Every structure is written in C-alpha cells, then in structure tokens.
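Right, one structure below, let's go through it.
Computed from the coordinates by the stated procedures, all read-outs in this text should not be read as laboratory data. Please read these numbers as outputs of a predicted model, since none were measured by experiment. Virtual Cβ from ideal backbone geometry, glycine too; neighbours counted across all protein chains shown.
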Amino acid sequence: MSLLVDIRKDFGSFQLDVAFEAHDETLGFLGASGCGKSLTLRCIAGIETPDEGRIVVNDRVFFDSAARINLTPQQRKTALLFQNYMLFPNLTVAENIGAGIDRTMDKTARARIISEELARFGLRGFGQRYPSQLSGGQQQRVALARMLAARPGILMLDEPFSALDAHLKGVLEQNLVSLFSAFEGTILYVSHDIDEALRFCDRIAVVEAGRLVEVGSGDALVNRPQSVAGLKLSGCKNVTPAERVGEHEVYLPRWGIAVRTADAVPETVRCLGLRAFFVERASGPGENCYRVRVDRTSDSRFERTVLLGFLDRERAAESAVAFQDNEMSYLHQHLFWRVGKRDGADPLPEVGDELWVRIPPDRVYLVTR
C-alpha cells in the first residue's frame, strides 16, 4: 500500500504546493487553521482538483495533469471522515454503513460486511435505528464503520474530534484504535492538536501556508523541531527571532539579551525556541542568567504561567512596547515560564517580583526556516 502526492493549486491569495509519500502508516498533518491540511485531503479524495501534479494511490493514478487523468470521487474509493460525520438522516444505521459498499456486490456479501462492522464498533442492536436516535459517540462509530465497509484504498480523517469536549474526546478516541488496527494501508490524519497527533500518527507533517515545512516522527518534532511552525505547533511557548553572533551564541533582539548555546549556531539561524518549563531559577549572575521582573501570572490546576520582562536589556534591543499600545508585541518581549505548584520550597512568583532566571544552553532549539 502506498500514496504519492505532488500537487499545486492556485487560489489567488493562497497557493497549495505539497509533495510527499506515505506507505502502511498513519501520517498526520499538523498546522493552523487555513494552512492547507484539509484542502490536501480534498484534492486526494477528488472533491477539489489541483491545477497540476500527480496523485497515485496503491499504484493507481487518481490524478495526473500531464496525462489528463482525473478520476471522479466515486472512482477513487477513498474514505474521508469530516468533523460532522455526514450520516444520511433518512437511512438506518445499517443502511448508512452499507452506503459505500459496491452496489454490484450480492446481498449476502453486503449483509456480512455490514454485520462485521456493526460488531467491530459495538453497534449490534442499533442497525435499524436512525442517526437522530443516536448519541454523538454512536454517530461517530457509524461513520467509522461506513469507512471500513467501503473497503477504501486510503483512509483520511479531518479533525474528527474538534467539536468534542475533553471527556467525550477521550472515550471516542478508542473508536479510532479499532479503526486503525483493522485497516492495512495509508491513513492520513488532520489535526491542530500536537498531543492527538502524537497518539495516533507514525509520522507528522507540519503544514504552513500551503507547504510541508518538515516531516518526521513525533519524537523528532517535539525534541528536534526544524522550523518556526514546528516549534509553535509542538507547544513551545518561547519562539523569538535570533541573530548569530558567535559559534555558540545568539542575540535575541526582542528580549534584548545574548544567549549561549550548547549546539553550534547555524549561519542561517532564524529563531530560538525554549519551552516554558525549561526555564530555571538562578541565585544571581552567571552564564545565561538574567535579572527579570514578573509582569503577569496566570494559574491552572497544577502550575503557574509567569511572564518575565528582562530588566537589563541591551541598547540594541527592540524598543519596549507597552501592553496598551500593542498587546502581541508586548507579549513577544517577555519570557514565558511555567512553574509547578509543587516544585519545591521556593514561593511562587508574584506580579512585581524581581528575581534571576537561567536559560540552559542545552535546552534551546535553533531553527533555520
């Protein structure tokens, strides 16, 4: 089983330009809203038509602009699950599951497939009910059962949990485990949630402005991000422009500080990243130690997020911006620090406190794109 995609489509103000291959794996697409994740899936399914390029699924050409091949969605036999499941309200559960099965198949074989999928997703006894008589979780299971019953060449899921609360989401995720274990082939999974992508995907593609900026394992994205988009999507709270000033030193104009790094600084370094929980308390001056002021705090159940303003900004730093003048610029000039409420004997930082913190040289990320 395999997938090859190399397509381009111009929407005027937005251009989609993606190229990738996938095999017997779950490939996640992670990115902000409007970056092209869902559009890529729609092109594979035949709902959208690229301007040029090629799409090949399991050695069957779905689209080839040069050869003038463009199969219809029905001919492609892909399975694309949308956020709202799109069940037919006038059909029973059994009829919904059977809707994608080849109509030329005899009734006995169709009934067997429907029965198998009802059992797989815990829907026995629900076959004669209608979608309006089901809970949200049951509707999702029907949609997943319909996907498998169609015996598709590829599975595609477009943010299937985006509208669910945390508790229901945790329960329904188990339905996907059944789906993925039963399917042999390529699965594409669109999400904007890094934790969700890590749970389900063998590899993750970071999508930004219609392009794939990096593709790799979940571990690589979390521990070795290669792009600004990858840094942000992996949950890194501190992402700031960086300028190379030495083999192991960068200058951060928004923060007005220089930072020593354990890794060599690339000549084309673009940004430095630092996770908020990697910031350390310090007792005073030292390597990568800075005097800061607590400008804002916010609490969750187990930790406090602290915004730190640098008190000894260098003269070359970008001019400080007041919160009321530009909120985003104000926030970008601060260091985010996450402090566990049970971390130790030190009191939690309070607004107005002045203290010292340290940025560990071996905990920073340096990206070039």
Task: Residues of type aspartates and glutamates that K232 reaches as a straight line, Cα spacing below 12 Å, ignoring anything fewer than 8 places off in the same chain - done: D193, E208
Open item on the list: Using only Cα atoms and rounding to the nearest 10 degrees, what angle (0 to 90) does helix 136-149 make with the longest principal axis of the chain?
Closed with: 60
- [ ] Select from E287, E95, E214 the residue whose mean-square fluctuation is largest in a Gaussian network model of the chain (Cα-Cα springs shorter than 10 Å).
- [x] E287
Task: Residue-count net charge about L212 - beta-carbon cut-off 12 Å; Lys, Arg +1, Asp, Glu -1 - done: -1
Task: Residue (of L179, P160, L134) at the positive-pole extreme of the stretch 105-228, dipole from beta-carbon charges - done: L134
Open item on the list: Taking 0.36 nm per residue of sequence separation and subtracting the Cα-Cα distance, how much length would be gained by fully extending the chain between R112 and R224, in nm to one decimal?
Closed with: 35.6 nm
Task: Theoretical FRET efficiency, 1/(1+(r/R0)^6), r = Cβ-Cβ of R103 and N58, R0 25 Å, to 0.05 - done: 0.70
Task: Percent of beta bridges antiparallel (DSSP, the chain, rounded to nearest 5) - done: 80
Task: Ascending count of other beta-carbon atoms within 10 Å, so fewest first, for M147, M328 - done: M328, M147
TODO: Any lysines with Cα under 29 Å of the K107 Cα? List them, leaving off those in the same chain fewer than 8 positions away.
DONE: K77
TODO: Could you work out how far apart the two model spin labels at E280 and S181 are, taking each label as a point 7 Å from the Cα in the direction of the beta carbon, and quote it in nm?
DONE: 4.3
- [ ] Compute the distance in nm between two label points, each set 7 Å from the Cα along the Cα-to-Cβ direction, one at R68 and one at D202.
- [x] 3.8
Open item on the list: Suppose every Lys and Arg Cβ carries +1 and every Asp and Glu Cβ carries -1, with no other charges. What dipole size does the stretch 3-224 come out with about its Cα centre, to the nearest 20 debye?
Closed with: 900
- [ ] Would you mind estimating how fast the stretch 1-54 diffuses translationally, via Stokes-Einstein at 10 °C and 1.306 mPa s with the Kirkwood radius over Cα pairs, in µm²/s?
- [x] 134
Open item on the list: Could you list C271, C289 so that the one with the fewest beta carbons within 10 Å of its beta carbon is first and the one with the most is last?
Closed with: C289, C271
Task: Mean projected area in nm² (Cα convex hull; one quarter of hull surface) for the chain - done: 23.0
- [ ] Using Cα positions and a limit of under 21 Å, work out the lysines in reach of K237, with same-chain residues fewer than 8 apart set aside.
- [x] K341
- [ ] Take the Cα of S217, step 7 Å along the line toward its Cβ, and report every residue of the stretch 6-40 whose backbone nitrogen sits under 14 Å from that point.
- [x] none
Task: Distance in nm between pseudo-label sites at R260 and Q174 (7 Å out along the Cβ direction from Cα) - done: 5.2
- [ ] Return E159, E280 ranked ascending by Cβ neighbour count within 10 Å, so the fewest neighbours appear first.
- [x] E280, E159
